[in-house]
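Undergrad: This is the structure, below, for whatever I ask next.
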Amino acid sequence: MFISPPNNFNQSPMWNTDSSSLETPMTPMPKFGMNDDSRQGPMPGASTASQTPTTTQDFDLGPTSPIVNNPLYNQGWLKSQIGKYIRVDFLLGTNTFQDRQGLLQEVGISFIVLKESSTNNLIMCDIYSIKFVTVFGNQNQIPR
């Protein structure tokens with residue numbers, strides 16, 4: 001039924017297209033109706049002793065992404081700088097740099113929020129176009 005042609009380097013079987021072989025390659029899928037519950041039962045051989053999971057943990061908040069909390073990722077490191085005055089350099093396209101300054105207010109999975117000191121406007125910035133972040137050393141002399 002399957003043949004391996006010459007120069008078949010990855011040795012994957014190919015379907016024999018000879019018309020003398022009229023076998024079907026697969027068995028047909030069984031037809032299920034809308035009200036057929038045969039697929040909803042437990043798997044054969046599965047234990048039915050405990051269908052509901054029992055946990056003693058009580059989550060007040062769901063778990064967050066490990067990237068946001070891990071200081072080895074950009075989001076995690078930036079989260080440790082919240083409340084500081086920073087300058088962020090963005091690469092737009094292939095050769096355009098633009099920078100923004102302000103207080104780092106929030107860090108998400110794919111964005112940061114800066115608060116401009118001059119206007120108190122909030123700016124949401126794309127985290128994936130950030131190339132450089134400058135955290136100013138003397139935070140006491142920065143105008144807020």
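The numbers here are math on the coordinates, done by the rules we state, and not lab data. Everything quoted here is computed from the prediction, not taken from an experiment. Every residue, glycine as well, gets a Cβ built from its backbone with ideal geometry; the counts of neighbours run over all protein chains shown.
Undergrad: Of Ser110, Ser117, which residue is surrounded by fewer than 16 Cβ atoms within 10 Å (Cβ to Cβ) and either out of contact with any Gly (no Cβ under 9 Å at 6 or more places or on another chain) or touching a residue at least 60 places away in the same chain (Cβ under 8 Å) (or both)?
TA: Only one candidate qualifies: Ser110.
Undergrad: Going through region 81-101 one residue at a time, which ones are under 13 Å from Val133 (Cα atoms) and assigned to a loop (DSSP other than H, G, I, E, B)?
TA: Listed by number, the residues that qualify are Gln81, Ile82, Lys84.
Undergrad: Determine whether Leu104 is touching a helix residue (DSSP H, G or I) at 6+ places or on another chain (Cβ under 8 Å), among the aliphatic types (A, V, I, L, M) and closer than 15 Å to Thr134 by Cα.
TA: Against the criterion (touching a helix residue (DSSP H, G or I) at 6+ places or on another chain (Cβ under 8 Å), among the aliphatic types (A, V, I, L, M) and closer than 15 Å to Thr134 by Cα), Leu104 qualifies.
Undergrad: Considering region 102-144 alone, what residues qualify as being within 27 Å of Asn70 (Cα to Cα), outside any strand (DSSP E or B) and over 19 Å from the mean Cα position of the chain (by Cα)?
TA: Answer for region 102-144, where residues must be within 27 Å of Asn70 (Cα to Cα), outside any strand (DSSP E or B) and over 19 Å from the mean Cα position of the chain (by Cα): Glu116, Phe136, Gly137, Asn138, Gln139.
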